[in-house]
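Some notes on the structure that comes next.
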Amino acid sequence: SDAVQLNTKRAMALIAKMSTTIDDFRGFFRPDKQKENFNLKSLMQEVFSLFQSSLEHENITLELDIPPYCEIYGYKNEFSQVMINLINNSKDAFREKDIDHAKILISAMQNDQTVTVMVADNAGGIPLAVIDRIFEPYYTTKEEGKGTGIGLYMSKMIVEDNMHGSMSVTNTPNGAMFKISFTKKEDA
């Protein structure tokens, strides 16, 4: 049936992505990787297609509000890992808190100097007592056995050390918002 074919296709895409993820992780500390300019919108559409069925299954809306010409200079696969990690964290928070009308909004803005990517959810935010610690290695807010505490640490390392951007988090009235900014590369 069509549904089986579609799910098989999605599963194969997911397996291919997981395999790439493992390779990316293996290559994480290799200095010979090439930075490139990549289109943020098309990258996020790829990431979205990976999550589509699981988000639908959990009644989570993922909205992308990204200008079509928004480009980032850096490591495309590593950056997609950062976005995957942030979406997964929101999914876990929704599941833990049982939020109705769960929504993740990924938006971007750019000007002459910078590109800023924001990932916001309405899962209630991060407790103020721990918000300053969430980027520390092995620190996790998830219940025992659920989180490794390296997701946000690795994400911040990718953004700040490998791609020379900045990554921060704040609470909004509805949830948490992660903000990632990059300075545009000067055209040589």
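Per residue, how many Å² of accessible area does region 65-146 show with a 1.4 Å probe? Each step should come with its number before you reach the end.
On the way: 4470 Å² over 82 residues.
Result: 54 Å² of accessible area for each residue.
Roughly how many nanometres apart are two label points built 7 Å out from the Cα toward the Cβ at Ser53 and Glu71?
Using points 7 Å along Cα→Cβ, the separation is 3.5 nm.
Please report the net charge: other residues with Cβ closer than 13 Å to the Cβ of Thr170, K and R +1, D and E -1.
-1
Which of rounded, prolate or oblate describes region 30-103 when judged by the alpha-carbon gyration tensor and an a/c cut-off of 1.5?
Working: a/c = 2.95, a/b = 1.89, b/c = 1.57.
Taking the square roots of the gyration eigenvalues as a ≥ b ≥ c, region 30-103 is prolate.
The values are calculated or read from the model by the stated rules, or taken from the named source; none is laboratory data. No experiment lies behind these values; they were computed from the predicted model shown. So basically every Cβ, Gly included, is an ideal-geometry build from the backbone, and we count neighbours across all protein chains shown. Side chains included, ligands, DNA and RNA excluded: accessible areas come from the protein's heavy atoms. Shrake-Rupley method; radii C 1.70, N 1.55, O 1.52, S 1.80 Å.
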